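The values are calculated or read from the model by the stated rules, or taken from the named source; none is laboratory data. None of the values given here were measured: they were computed from a predicted structure. Every residue, glycine among them, receives a Cβ derived from its backbone with ideal geometry; neighbour counts consider all protein chains shown.
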Amino acid sequence: MYIKNHAGQPLAARVRPRHLDEYVGQGHLLAEGKPLHESIQTGRPHSMILWGPPGVGKTTFAQLLAQHFDIQFLAISAVMGGVKEIRSAVEQAQLARTQYGQQTLLFVDEVHRFNKAQQDAFLPYIENGTFVFVGATTENPSFELNNALLSRTRVYCLKRLSDSEIEQVLEQALKHKDGFPGKDIQLNAKQSSLIARYADGDARRSLNTLELAIDLTQPDGDCYVITEQSLEAVFQESLKRFDKGGDIFYDQISALHKSIRGSDPDAALYWMQRMLLAGCDPFYVVRRVVRIASEDIGNADPRALQLSLNAWEALERLGQAEGELSLAQAIIYLASAPKSNAVYNAYKASYVDAKKGLDEEVPMHLRNAPTPLMKDSGAGESYRYVHDEPDAFAAGESYLPKSMHRTRYYYPVSRGLELKIEDKLSRLRVLNEASSKQRYEN
């Protein structure tokens with residue numbers, strides 16, 4: 001059931017579409033022949049998760065869906081609500097079903113903010129048809145929602161609106177009878193394009209911008225001519241958004257990481273600046289940089305890790321304003337350094353074997369023998385102290401469980417310092433093989 005908008009509400013609420021054919025965007029789902037379009041045409045609503053960034057029409061679509069199927073629309077917010085609100089919604093849906101034979105669509109905004117128990121509370125009512133469940137989230141459902149809830153819903157990914165779609169939203173708002181009643185709003189194509197760019201795919205943001213620009217415009221009678229000055233006043237803040245903790249956040253840190261890995265210091269600096277200018281905590285960035293130093297450079301250039309830690313210390317001592325230069329220095333160095341994931345691969349492979357071999361015993365010659373009893377049992381017997389061996393290397397000695405003799409995890413790459421590391425390890429392996437062969441022949 002559609003809830004009518006009233007004067008005094010923000011523009012985005014006043015001009016919310018009344019019918020599905022007024023809905024702008026998401027053609028990959030709603031165009032003829034696309035999955036959601038076909039589902040709607042069958043006449044049977046189903047439970048779903050609407051995943052997408054802010055302002056792309058998740059709430060609007062849920063309302064229009066309820067109107068299209070002529071069913072009761074209930075909405076709760078995971079930000080403001082809890083168990084009490086869930087129970088109340090269930091009771092209202094049950095009442096509509098038993099007394100009036102009416103189906104209910106329950107819209108749960110920011111559903112990812114509900115904990116596991118709260119998400120689980122919806123499951124029996126989805127299964128028995130008490131309501132059609134529509135959850136909205138800006139976060140990746142695979143990470144934030146329970147598998148049990150995901151298995152009972154279909155996930156639809158809503159995309160950011162294109163600039164042309166945003167301009168269509170603005171045009172509809174200017175023509176809407178509840179948009180600016182009694183006002184003649186003059187907005188030219190260039191200004192509409194500027195607002196669309198500023199909105200960055202967010203329809204709500206574009207409408208809020210338009211409304212604020214009109215509030216800052218001096219009317220000539222009933223005529224409001226949007227000027228460059230009024231738009232500039234609205235655009236004082238950054239033209240770029242940074243959705244902390246959301247997919248935009250993870251996309252940008254991914255771009256920074258991959259630019260460093262790809263040895264492109266210019267791109268790496270760009271993504272660093274994008275994040276910092278939009279309000280990202282520089283300490284989050286420097287923590288990731290320290291991780292990159294080990295994961296993608298490792299022993300090809302061990303100085304990368306130290307320089308990253310130095311950047312962290314500089315941020316702590318100097319503060320963000322002056323410390324960001326040290327962060328930039330570390331990022332440029334990492335992007336320019338030779339790359340190796342040998343440490344990362346060795347770490348992962350050894351973890352798998354260690355987890356499988358929890359029952360493997362420590363070989364007797366490697367065991368500690370602090371007491372006479374332990375010495376008598378053979379602990380530490382035949383251990384070769386490397387500093388008493390030629391070149392401080394006990395050729396032929398084994399330091400792994402017997403079943404894992406000569407297992408290798410670390411394979412240095414042919415770049416940077418790891419060239420020399422591989423040369424040394426290769427020489428030591430030759431000595432080990434020669435010693436083993438000699439013992440076998442004796």
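For Asp388, state whether it is farther than 30 Å from Arg261 by Cα, within 49 Å of the chain's Cα centre (by Cα) and among the acidic types (Asp, Glu). No; evaluated as a whole, the condition is false for this residue.
All of Ile76, Ile86 fail the test of being out of contact with any His (no Cβ under 7 Å at 6 or more places or on another chain), surrounded by 19 or more Cβ atoms within 10 Å (Cβ to Cβ) and assigned to a strand (DSSP E or B), apart from Ile76. On the given criteria, is Ser192 among the hydroxyl-bearing types (Ser, Thr, Tyr), under 26 Å from Asp21 (Cα atoms) and out of contact with any Leu (no Cβ under 6 Å at 6 or more places or on another chain)? Spelling it out, it is not the case that Ser192 is among the hydroxyl-bearing types (Ser, Thr, Tyr), under 26 Å from Asp21 (Cα atoms) and out of contact with any Leu (no Cβ under 6 Å at 6 or more places or on another chain).
Just one of (1) at pLDDT 90 or above; (2) more than 19 Å from Arg415 (Cα to Cα) fails for Tyr284. It is (1). When we screen Lys177, Lys190 for residues that are outside any helix (DSSP H, G or I), surrounded by fewer than 20 Cβ atoms within 10 Å (Cβ to Cβ) and not β-branched (Val, Ile, Thr), the only hit is Lys177.
So for the range 24-43 (the condition being touching a residue at least 60 places away in the same chain (Cβ under 8 Å), in contact with a strand residue (DSSP E or B) (Cβ under 6 Å, 6 or more places away or on another chain) and over 25 Å from Asp163 (Cα atoms)), does at least one residue qualify? No, there is no match, as no residue in the range 24-43 is touching a residue at least 60 places away in the same chain (Cβ under 8 Å), in contact with a strand residue (DSSP E or B) (Cβ under 6 Å, 6 or more places away or on another chain) and over 25 Å from Asp163 (Cα atoms).
Scan the range 292-313 and give yes if some residue there is within 13 Å of Ile253 (Cβ to Cβ) and at pLDDT 95 or above, otherwise no. Checked against the condition, which is being within 13 Å of Ile253 (Cβ to Cβ) and at pLDDT 95 or above, the range 292-313 yields at least one hit. The residues of the range 339-353 that are surrounded by 12 or more Cβ atoms within 10 Å (Cβ to Cβ), in a helix (DSSP H, G or I) and not charged (D, E, K, R), listed by number, are Ala342, Val343, Tyr344, Asn345, Ala346, Tyr347, Ala349, Ser350. Restricting Phe114, Phe69, Phe73, Phe107 to residues that are of a type in the set (Phe, Trp, Tyr) and over 29 Å from Gln41 (Cβ atoms) narrows the list to Phe114. In this structure, Ser414 qualifies as at pLDDT 90 or above and not charged (D, E, K, R).
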